[in-house]
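What follows is a short report on a single structure.
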Amino acid sequence: MATSQEYSIVITSHTEHSLKKLRKEKDLVRRLDQKIRSLAQDPRPPGCKKLRSSRFDNLYRVREGDWRIIYSVEDDQVVILLMDVARRDQAYR
């Protein structure tokens, strides 16, 4: 579902810390960054999955290889809140 307006992306401190740990893996960081930036244009791209959460109503995830980008879409505020970037085996703990 593409939208006509661009969403702002807000990165939580937890997500920022996760990305900083990956700074030596430049190719991975570039791919993750590209995927995150594309969410501003289309917050629910093909292949995204809505997650069940007791704390958040609009929680989604997109895949980038073995990595997962978990985020919340706040349509009323036109904001995407990045919750986590993690390897598949660590993402849902």
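The values are calculated or read from the model by the stated rules, or taken from the named source; none is laboratory data. Quantities reported herein were computed from a predicted structural model and do not represent experimental measurements. Glycine also receives a Cβ, built like all others from the backbone with ideal geometry; neighbour counts cover every protein chain displayed.
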Check: Which one is farthest from the chain's Cα centre (by Cα), of the residues in the stretch 37-92 that are polar (S, T, N, Q) and part of a loop (DSSP other than H, G, I, E, B)?
Finding: S54
Note to self: Being closer than 19 Å to T12 by Cα and charged (D, E, K, R) is true for just one of R87, R44, R52. Which residue is that?
What the structure shows: R87
Notebook entry, point to check: Restricting the stretch 53-89 to residues that are surrounded by 12 or more Cβ atoms within 10 Å (Cβ to Cβ) and among the polar types (S, T, N, Q), which is modelled with the highest pLDDT?
Noted result: S72
